[in-house]
Amino acid sequence: MGTDANIEAAVQKELASDPLLDADDIVVEVTDGGVSLTGTVPSQAQRAEAAAAARRVAGVTRVDALLAVAMPSDDYGDDSGLAELVNQSLAANADVPEGVKATVRQGNVFLTGMVRRSAQRAAAEDTVVGVAGVLSITNEINVLTNSD
């Protein structure tokens, strides 16, 4: 396992070399192998990719992706159009049950509904990450618990 300084350098290199990321505004801090990513990225997908890239580095014990999504203001679309895209994506994913719905306020997506398994809840969130224009995701989907 490397020192925190070595891990920090390796994470910065991994972020900079990832073709799916714009890492210019990402700040990396490492304490006892735990990586904290702060700053901004242009999409929710890049936020997820930055965390994945940091996890690929040897010696990383934890990743806290505290990145804000800051899309250029001219990329912001209307909420109703974004909600339609998000709901179409959810409906197209066989792992997401029918009752899961999304609403959008100022580019922020709110997921609601009931699912039987936590994997379905995660699948809904993972689906929304890939939709362009999403600034943030609040997952309010409830997982049903068995009473037997």
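The values are calculated or read from the model by the stated rules, or taken from the named source; none is laboratory data. Keep in mind the model is a prediction, meaning the values are calculated, not measured. Cβ: placed from backbone, ideal geometry, glycine included. Neighbour counts: every protein chain shown.
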Quiz item: What are the residue pairs meeting all of these: first residue in the range 104-131, first residue closer than 12 Å to N142 by Cβ, second residue surrounded by fewer than 17 Cβ atoms within 10 Å (Cβ to Cβ) and among the acidic types (D, E), Cβ atoms under 8 Å, and 6 or more apart or on different chains?
Solution: L111/E140; T112/E140; Q120/D95
Quiz item: Only one of (1) closer than 30 Å to F110 by Cα; (2) in contact with a strand residue (DSSP E or B) (Cβ under 8 Å, 6 or more places away or on another chain); (3) among the charged types (D, E, K, R); (4) at pLDDT 90 or above fails for R47. Which number is that?
Solution: (4)
Exercise. Report yes if some residue within the range 48-62 is assigned by TED's automatic domain parsing to the domain that holds D24 and touching a residue at least 60 places away in the same chain (Cβ under 8 Å); otherwise report no.
Key: yes
